[in-house]
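The values are calculated or read from the model by the stated rules, or taken from the named source; none is laboratory data. Not measured: the values here are computed from a predicted model. Cβ placement follows ideal geometry from the backbone for every residue including glycine, while neighbour counts extend to all protein chains displayed.
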Amino acid sequence: MLVLPKGVRHIPGHLDRDEQTSLVEDIRAVVRQAPLYRPEMPRTGKPLSVRMTNCGTLGWVSDKAGYRYQDSHPVSGAPWPPVPNRLKALWADLTGESRPPQACLINYYDVSARMGLHQDRDESDFSAPVLSVSLGDACLFRIGGTERGQPTRSFRLESGDVVILGGESRLAFHGVDRIYPMTSTLLKDGGRINLTLRRVDS
Ligand code: MD3
Ligand code: FE
């Protein structure tokens, strides 16, 4: 049996098909205001395979200068659109956090995109959990310990799954090894959307 690291809560199928469809409509509205773009790696400027955008008062960005949170879209310069109400409600229901999410990172994976093992540590407050929602094609997700090189475990994330990363898992190394093409009909053009809701500062 698969044992998840402490502090990880995986809720398979938390969102039913109608809720997933509504959420995709909300995200399409955000993306019309704040288009997906391809971030670059710090220093090298090598493009990531994942395309990204954000909603919320702060958004996570990466370019040659480094990783950071900022209040505007790096290409258009416009403020990020607000977090859709149904995502704010999901955050309140599942995290037990009284403060609203400040940032919602929207990651889009085409079938060849991946995300290498990394820690999320660009926030100045790690006390709140991170809430992740998967939509569209399934992926192979991997999570390890708080130090690089510790053993990792892999599991599939499917459309409608929610993961809450709190406590000890908040600083765990994690990544996305692969997307499984044609495993969902939610997105007409295939691929996977992941949403992460976060607090950035206290
Ligand atoms: C474990 N996203 O945006 S979501 C990221 O599927 C990110 O797009 C992946 O890693 C994705 O930073 C994974 C699940 C997740 C999110 C945040 C975490 C796992 C986490 C933070 C700490 C530990
Ligand atoms: Fe991450």
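Here is a list: Asp110, Asp71. Which entry is within 26 Å of Leu157 (Cα to Cα) and either out of contact with any His (no Cβ under 8 Å at 6 or more places or on another chain) or loosely packed, with under 15 Cβ neighbours inside 10 Å (or both)?
On inspection, the qualifying residue turns out to be Asp110.
In region 98-151, of all residues being closer than 28 Å to Gln33 by Cβ, charged (D, E, K, R) and modelled with pLDDT of 95 or more, the one that is nearest to ligand 2 (Cβ to nearest atom) corresponds to Asp120.
Just need a number here: residues in region 29-65 that are small (Gly, Ala, Ser), more than 21 Å from Asp177 (Cα to Cα) and not in a loop (DSSP other than H, G, I, E, B).
We begin by selecting, within region 29-65, every residue small (Gly, Ala, Ser); these are 29, 34, 45, 49, 56, 59, 62, 65.
Next cut, more than 21 Å from Asp177 (Cα to Cα) only: 29, 34, 45, 56, 59, 65.
From what's left, not in a loop (DSSP other than H, G, I, E, B): 29, 56, 59.
Final tally of qualifying residues: 3.
For region 122-140, the set of residues classified as of a type outside the set (Ser, Thr, Tyr) and either assigned to a strand (DSSP E or B) or within 10 Å of ligand 1 (Cβ to nearest atom) (or both) consists of Asp122, Glu123, Phe126, Pro129, Val130, Leu131, Val133, Leu135, Gly136, Ala138, Cys139, Leu140, listed by residue number.
Can you go through Arg68, Arg86 and tell me which one is outside any loop (DSSP other than H, G, I, E, B), away from ligand 1 (no atom under 13 Å from the Cβ), in contact with a strand residue (DSSP E or B) (Cβ under 9 Å, 6 or more places away or on another chain) and among the charged types (D, E, K, R)?
None of the others qualify; the one that does is Arg68.
Restricting attention to region 13-67, the residues being on the phi > 0 side of the Ramachandran plot and either within 15 Å of the chain's Cα centre (by Cα) or of a type in the set (Phe, Trp, Tyr) (or both) number 1.
Within the bounds of region 170-187, is there any residue that is of a type in the set (D, E, K, R), surrounded by 19 or more Cβ atoms within 10 Å (Cβ to Cβ) and more than 9 Å from ligand 1 (Cβ to nearest atom)? Checking region 170-187: not a single residue is of a type in the set (D, E, K, R), surrounded by 19 or more Cβ atoms within 10 Å (Cβ to Cβ) and more than 9 Å from ligand 1 (Cβ to nearest atom).
Looking at Ile193, is it touching a Leu at 6+ places or on another chain (Cβ under 6 Å), within 18 Å of Arg17 (Cβ to Cβ) and within 16 Å of ligand 2 (Cβ to nearest atom)? So Ile193 passes the test.
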